[in-house]
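Step one of this worksheet: look at the structure below.
The values are calculated or read from the model by the stated rules, or taken from the named source; none is laboratory data. Just so it is clear, the structure is predicted and the values come from calculations on it, not from any experiment. Cβ sites come from the backbone with ideal geometry, for glycine too, and all protein chains shown count toward neighbours.
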Amino acid sequence: MTTAAVTTLPARRSQVTDNYLTQDRRLRSWLFTLDHKRIGVLYLATSLLAMLIGGLLAMVIRTQLLVPQGLIFHGHGNAAAYAAYKHYNQIFTLHGIIMVFMVLIPIIPGALGNFVLPLMLGAKDVAFPRLNLMSFWLYVGGAVLAIASTVAGAVDTGWTFYTPFSIHTETYVVVMLLGIFLIGFSSIFTGLNFIVTIHKLRPPGMTWFRMPLFLWGIYATSIIQVAATPVVGVTLVLLCLERIMGIGIFNPALGGNPVLFQDFFWFYSHPAVYIMILPAMGIISEIVPVFSRKHIFGYSFIAMSSLAIALIGFLVWGHHMFVNGQSAELDAIFSFLTFLVAVPSAVKVFNWLATMYKGAIVLDTPMLYALSFLILFTIGGLTGVILGALATNVVLHDTYFVVGHFHLVMMGGTIIGFIGGLHYWWPKMFGRMYNETLARIACVLLFFGIAITFVPQLIVGAEGMPRRYAHYLPMYQPYMVASSIGAYLQLAAFILMTGYLVHSLVRGRKAPMNPWGGGSLEWTTASPPPHDNFAHPPVIGENYDPYDYRHLAYDPKIGGYVPTGIGDTCGAGKYS
Amino acid sequence: MTETVSIGKQHDLAQRHLAHHFDTPQQQFDAGKLGMWLFLSTELLLFSGLFCAYAVYRALHPEIFRYAGQYLDMPSGLANTLILLTSGLTMALAVRFAQLGRRIGLVVCLFLTICGGLGFLGLHGYEYFTNYREKLLWGLNYNPSHGPHGQAIAPIRSLTPLTVRSLPGGVGGWASLKALGRQGFIVSHSAIAPAASGPPGIAAGQRHTVRLAPYAQPANVQLFFSIYYLMTGLHSLHVLIGVILMTWLLFRAWRGDFSPRYYTPVDLIGLYWGIVDMIWMFLFPLLYLLH
């Protein structure tokens, strides 16, 4: 698709009826699209598919752990048990790899970021549309390669690939690593694209501190993607060469140092959890003020805390190695820096609370997700502080406490944030409203599902159950059964969600331009937006403020908000 | 030499390359440049893992680096350094010629830069080949023949710890070398004439530069060679990519695609080549000089 074709298309077709979804319906125009909105939708579809696979694997894990000896994989005698439990190792490894590399990392920047970033900025597209498309296909290629390796011989190392076991295992580690390497490049290019877009494509008047906070979250995320992913890239290449050529860098049998692998791996993979959580925090920063009908509290503090988390996040990787023979001095430093991350995170949480304080809170679905985020993420985050403390870490290291903490932060933070954002922008993306009642039911189900799944894991972890075990002592069974029930509740919530979202695409009420009364620029264009995003380039006036809602009033006739013309902060022409 | 392009044509060229989502060619150029700088920072980070591995193993096992480094071909590394420095100059000139709209100058400079890149690869390939012949390889494959003192039998190329000139020759000369050996020095086989020419030793009266390796082979020398091949291999891959990109530039420059209003690809690939040069400027001393 040439640039010329892109620019002439809207001219040929009517701008009133055509939007980015309908302007060209051929399959080719989707697969090779350079439109950031379509690429966002492609990312959404693929990462949701990956989430489905990863989620079903999680269901297998939770079903296995219903009984102490294992419900699915078990065997009589050592050899049979070993063979059966190896399958369990493969299942949780695959669950981890899919969820981390194919869902949590790309889903918010790839799907929602791609879709709304240029819209919020008032730009026509991201800086490098071709690179954006390549990024998507690298992601698909990497995912296919990784899943193909599973068919050939599923990796059983855990998603962390610790050496020397990952050097010696018979499974297809190299293919899996190459797949992740490609996904890593996709992540780098997405981050690079977003940074350049935010730096260079801001229209006149859109200053740094007039940007919606989601963009600050995406910006901080992109910095991590660009600065940390190459390191895991070279690490994975080294591990591949270790297996193919026997270079010995990480192989103690050849004089190498396996702890160096852990250092390299966590140098990326710890910042990677901030790649996952920062954009979710950005989404919460959008939802909370809109549904509290109140200006965001402490804008610059939230913006800067995103950057602070990104930067401090680079300096805490050693807290994964407190019991690996790291020196006591390093332990103390890493522990201190880990505590430090809690400060900007708490700054955000308190600012969201202060935004809600005395606000006119509307409990629509996105807001319910934001509230779930606040509760679950705070529990998850505080258990992270417990793990960051040296004395408690020694006890809790590699127990289910770590699993519970991580999943509370990731499911209760990233995924809840993502789903909240999906519900928030769904009318904009597809131009349809979903069934609000069902959506609220699904949200409550998901909230309780997550809490019931992962809080018992914190308890069994504290009681000493190690992570990654295919079987366990009978004393842990009540907690494990509770955890499994929670997982099934989550499954039910997701099935319900799929139902009403798909239904909304077909039968949903047509969405108005601004269903929630948001003040950022994406709400000033049609739902769904036209190919070039805005019928007229948005004019960003001197007093533009994405968190000022005073000029918007609810119009029951169209079921959305319209500008009243009083105190219009965006300058004339914004809604013309 | 100079080809002037009419202003109107230049303007057309710049507009033709302007993508729909940019307002001005300048904005597009700036975006491209920022993108390239970010990409180059990821390149540095890609290498940083290897530099980090180098630093860690050097700190843990200095003896490995002291011993193994002397088997690298320092003169060839130096020659490659000079070649890359020169190609950096020609690339910078190419960017300048592109900015000035001097097509022939641009074509010549790009050609010279490509020659530099190919020369580098050739020389480096030869170095790999000799190492391969002597089995000075990475990790598992490190398997050179060993002398009586356990030292690797391969020419010592980079280090001259002790130069003995005009040895008295014959048995006496050999004996003195053996005495040195007893003091803990190891005689490299480059000092020894081929067995066919008589007893191991040096013909009387001849001027010889005898190079001695002062250290016995420590454990895990293969680690050095792993790091050496990884760092130089990744770098050579980047040189190769650079050569391919510049061939494409050469073709486009020949066709007359570039003008003072549109020379973004030359500028960006010039930046890339600068980083490739710069990484070698760190690799050369770390691997070849610093023992």
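Observations on the structure shown:
- Members of the range B:131-144 found to be surrounded by 15 or more Cβ atoms within 10 Å (Cβ to Cβ) and part of a helix (DSSP H, G or I), listed by number: B:N131, B:G139, B:L140, B:N141
- Any hit, the range A:386-405, residues being without any contact (Cβ under 8 Å) to a residue 24 or more places away in the chain, of a type outside the set (D, E, K, R), touching a helix residue (DSSP H, G or I) at 6+ places or on another chain (Cβ under 7 Å) and in a helix (DSSP H, G or I): yes
- Residue list for the range A:212-240, restricted to those being farther than 30 Å from B:I64 by Cα and more than 10 Å from chain B (Cβ to nearest Cβ): A:P212, A:L213, A:F214, A:L215, A:W216, A:G217, A:I218, A:Y219, A:A220, A:T221, A:I224
- Residues within the range A:323-353 that are surrounded by fewer than 20 Cβ atoms within 10 Å (Cβ to Cβ), of a type in the set (V, I, T) and under 22 Å from the mean Cα position of the chain (by Cα), tallied: 3
- Near pairs, Cβ below 7 angstrom, 6+ apart or cross-chain, from the range A:291-318 (small (G, A, S)) to any residue that is part of a loop (DSSP other than H, G, I, E, B): A:S292/A:G359; A:S292/A:A360; A:S292/A:I361; A:G318/A:Q326
- Every condition in (1) loosely packed, with under 13 Cβ neighbours inside 10 Å; (2) within 20 Å of A:N257 (Cα to Cα) holds for A:H320 except the one numbered (1).
Residue by residue, here is whether (1) surrounded by fewer than 24 Cβ atoms within 10 Å (Cβ to Cβ); (2) at pLDDT below 95 holds:
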| site | (1), (2) |
| --- | --- |
| A:R62 | yes, no |
| A:F73 | yes, yes |
| A:Y85 | yes, yes |
| A:H95 | yes, no |
| A:V100 | yes, no |
| A:A111 | no, no |
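- Leading residue by the ranking (farthest from the other protein chains (Cβ to nearest Cβ)) among those in the range A:246-289 that are surrounded by fewer than 22 Cβ atoms within 10 Å (Cβ to Cβ) and more than 27 Å from A:S186 (Cα to Cα): A:P258
- Any chance A:A127 is over 18 Å from A:G421 (Cβ atoms) and surrounded by 18 or more Cβ atoms within 10 Å (Cβ to Cβ): yes
- Search result, residues across the range B:101-114 that are touching a residue at least 12 places away in the same chain (Cβ under 8 Å) and either of a type in the set (G, A, S) or crowded, with 16+ Cβ neighbours inside 10 Å (or both): B:G101, B:R102, B:R103, B:G105, B:L106, B:V107, B:C109, B:L110, B:F111, B:L112, B:T113, B:I114
- Hits in the range A:261-302 (condition: touching a helix residue (DSSP H, G or I) at 6+ places or on another chain (Cβ under 6 Å) and of a type in the set (A, V, I, L, M)): A:I275, A:M276, A:I277, A:L278, A:A280, A:M281, A:I283, A:I284, A:I287, A:V288, A:I296, A:I302
- Flag for A:V155 being closer than 19 Å to A:A272 by Cβ and more than 14 Å from chain B (Cβ to nearest Cβ): yes
- Under the condition of being under 17 Å from A:M59 (Cβ atoms) and either crowded, with 21+ Cβ neighbours inside 10 Å or not aromatic (F, W, Y) (or both), the residues counted in the range A:469-492 number 13.
- Residue check, A:I296 crowded, with 22+ Cβ neighbours inside 10 Å, outside any helix (DSSP H, G or I) and more than 21 Å from the chain's Cα centre (by Cα): yes
- Some residue of the range A:175-186 being at the interface with chain B (Cβ under 7 Å from one of its Cβ atoms) and under 28 Å from B:C52 (Cα atoms): no
- Which listed residue is of a type outside the set (F, W, Y), over 26 Å from A:F185 (Cβ atoms) and away from chain A (no Cβ under 14 Å), from B:L121, B:L82, B:L137, B:L60: B:L82
- Residue list for the range A:188-211, restricted to those being facing chain B (nearest Cβ under 10 Å) and under 17 Å from the mean Cα position of the chain (by Cα): A:I188, A:F189, A:G191
- Spans of helices (runs of 4 or more DSSP H) in the range A:118-228 with at least 3 residues touching a helix residue (DSSP H, G or I) at 6+ places or on another chain (Cβ under 7 Å): A:129-153, A:173-200
- B:G49 being in a helix (DSSP H, G or I), surrounded by 17 or more Cβ atoms within 10 Å (Cβ to Cβ) and within 14 Å of chain A (Cβ to nearest Cβ): yes
- Residues of the range A:369-383 classified as out of contact with any Leu (no Cβ under 9 Å at 6 or more places or on another chain) and crowded, with 23+ Cβ neighbours inside 10 Å, total: 2
- Flag if A:R243 is closer than 21 Å to A:P538 by Cα and more than 8 Å from every other protein chain (Cβ to nearest Cβ): no
- Per-region count, the range A:446-503, residues closer than 21 Å to A:L422 by Cβ and modelled with pLDDT under 95: 0
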